[in-house]
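Asks: Right, I'll just put the structure down here and ask away after.
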Amino acid sequence: MRRIACIALPRIHTRLEEADEANRSALVRVTESALAFGPAAAFDVAENVVWVDVGGCSHLHGGERELAKALDARIRGLGHACRVVIADGPRIAAAVARFLPLTKSAKGDGPFVVPEGHGVAAMRVLPIAALALDDDVSRWLRDLGLRTCGDLQKLPRAALAARLGARADDVMQLLDGEDRAPIDAWRPAEVPEERASFDWGVISVEALVFVMKTLCERLASRLQGRAMGATRLEIVLALDRALPSTIDVVLPSPIARAADLLAVARVRLERHSLAAPVLAVTLRAPDLARLPARTLDLLSPEPKAARVLPRLVAELVADFGQANVGTLAIADTWVPDDRTRLLPFGAARPEPRHSLVTSALEPSRLVAPLRLPPGSLAGAVRLARVEAFEWWRRGIERRDLYAAFVPVVPGEEGGGKNLAWVEQRGSDDVPRLRGWID
């Protein structure tokens, strides 16, 4: 028997021309979020319900009741009131979710689980309206004093079937707790997005960031349903009497948590000046990447770097630009100034062709050339003398490279000293600080 979770949502009441679109957007959002709990999901606009196939998935949450609670918390976290029911089949689950009296559930309108094989008992307490019969048939049954499905279960089947007509077999199966109806699996759009519109134009970035919090939470729930992370974001601002303005945010590594998305979006918005009042804002994730699965170890703590570093790097990229944030790699050259280069965060490090490795100490942090006072080379050790290399390059002067202890703040005596990389061009030239050796 298939186990189906049904999520019943209240209808959104707004202006007539926007009501259908608002309800459909809510159903799509909930359906995509529910994909995190089962392999297939679907929704029905007429009934305003969402189904997700949870068969074989309950053990991942500690049982069906715990799965229903987690699903209920996920949907309510999106700002939607809902009622979650797990039963045998989509129609029985939807009927119980929409018509079960609140006093019958464990906690009012909270999650409710119909045990496997107990569909008959679940249908017994529901009103006849749960069967979605024709108005004439429903009126005839009410005139006979029949109010619940349990009253119909007591009637002779032959007499009841003659009155039900073409739907006789279907209704009989529901009364017997059998539901073999398939669910038409819904496929999400290629690019997930969330949109918010304003009745009056927004003129401050602070107000946009406040709205962006809700959009990031909704987008993060969609990404979790896909088990994907965003590698690029687009913030589309619909300006008053102007063309849309698009803010592109490149993410060095995939992120999917709402807090991480909001932190990156906030940094980028704070650097953006609004040319006109904003009438609507759309948050899109055009580029996605699958998040690598990790097995958690109950006996060892989760490394904080794996959780914090992607967000930190994404904030730095949004603030300083992609070309200015990365990791250092050793280049295939003998030129000391070109031994390191900046690679984008997460990019594969190229293998040097000749593995040019010297025995001399090399700096781990390069700085701009800084003149040092005379006498800074006292007790210094010369590491290398550069006279000629890469013969095709012209105008290279002789340089001596030293390892010397110099003040952390050059020119300030009495402070701490650190091992530094010092360069001197000729015996009469002043020494210059070029980097620190850690």
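The values are calculated or read from the model by the stated rules, or taken from the named source; none is laboratory data. In this text, all values refer to a predicted model and were calculated from it rather than measured experimentally. Positions of Cβ are backbone-derived with ideal geometry, glycine not excepted, and every protein chain shown enters the neighbour counts.
Asks: Say whether the condition of being in contact with a Lys or Arg (Cβ under 9 Å, 6 or more places away or on another chain), surrounded by 15 or more Cβ atoms within 10 Å (Cβ to Cβ) and in a helix (DSSP H, G or I) is met by at least one residue in segment 238-256.
Replies: no
Asks: I would also like to ask the following. Across segment 269-302, what is the number of residues that are over 17 Å from the mean Cα position of the chain (by Cα) and surrounded by fewer than 19 Cβ atoms within 10 Å (Cβ to Cβ)?
Replies: Residues in segment 269-302 being over 17 Å from the mean Cα position of the chain (by Cα) and surrounded by fewer than 19 Cβ atoms within 10 Å (Cβ to Cβ): 18 in total.
Asks: Which one of these is among the hydroxyl-bearing types (S, T, Y) and not assigned by TED's automatic domain parsing to the domain that holds E206: S253, S300, S245?
Replies: It is S300.
Asks: Please state which one of A318, A329 is surrounded by 12 or more Cβ atoms within 10 Å (Cβ to Cβ), part of a helix (DSSP H, G or I), small (G, A, S) and at pLDDT 75 or above.
Replies: Only one candidate passes the filter, namely A318.
Asks: Please name all residue pairs, on different chains or six or more residues apart, with Cβ atoms under 8 Å, provided the first residue is in segment 23-45 and is under 19 Å from L219 (Cα atoms) and outside the structural domain of V84 (by TED's automatic domain parsing) and the second residue is modelled with pLDDT of 95 or more and crowded, with 18+ Cβ neighbours inside 10 Å.
Replies: Note: no pairs meet the criteria.
Asks: Go through segment 304-315 and report how many residues are among the charged types (D, E, K, R) and loosely packed, with under 14 Cβ neighbours inside 10 Å.
Replies: Here the count works out to 2.
Asks: Could I ask something else about it? Looking at (1) in a strand (DSSP E or B); (2) among the hydrophobic types (A, V, I, L, M, F, W, C); (3) in contact with a helix residue (DSSP H, G or I) (Cβ under 8 Å, 6 or more places away or on another chain), which is the one condition that is false for A280?
Replies: (3)
Asks: May I pose another question? Give just the number: which of (1) surrounded by 12 or more Cβ atoms within 10 Å (Cβ to Cβ); (2) out of contact with any strand residue (DSSP E or B) (no Cβ under 9 Å at 6 or more places or on another chain); (3) at negative phi does R147 not satisfy?
Replies: Single failed check for R147: (2).
Asks: If you don't mind, there's one more thing I want to ask. Across segment 152-187, which residue is modelled with the highest pLDDT among those that are over 23 Å from D134 (Cβ atoms) and surrounded by 15 or more Cβ atoms within 10 Å (Cβ to Cβ)?
Replies: W186
Asks: I'd like the residue in segment 221-256 that is in contact (Cβ under 8 Å) with a residue 24 or more places away in the chain and among the acidic types (D, E) and, out of all such residues, is farthest from V191 (Cα to Cα).
Replies: Result: D240.
Asks: Just the residues that are surrounded by fewer than 20 Cβ atoms within 10 Å (Cβ to Cβ) and of a type in the set (D, E, K, R), please, taken from segment 30-55.
Replies: D44, E47
Asks: Could you please give the count of residues in segment 217-236 that are crowded, with 22+ Cβ neighbours inside 10 Å and assigned to a strand (DSSP E or B)?
Replies: Selection size over segment 217-236: 3.
Asks: Scan segment 66-103 for residues that are in a helix (DSSP H, G or I), in contact (Cβ under 8 Å) with a residue 24 or more places away in the chain and surrounded by fewer than 15 Cβ atoms within 10 Å (Cβ to Cβ) and report the count.
Replies: 1
Asks: Considering only segment 28-46, state which residues are hydrophobic (A, V, I, L, M, F, W, C) and outside any helix (DSSP H, G or I).
Replies: A40, A41, A42, F43, V45, A46
Listed here are the residues, each with its yes/no results for (1) under 20 Å from P90 (Cα atoms); (2) assigned to a helix (DSSP H, G or I).
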site: L164; (1), (2): no, yes
site: D169; (1), (2): yes, yes
site: L174; (1), (2): yes, yes
site: A181; (1), (2): yes, no
site: W186; (1), (2): yes, no
site: V191; (1), (2): no, no
site: A196; (1), (2): no, no
site: V209; (1), (2): no, yes
site: K213; (1), (2): no, yes
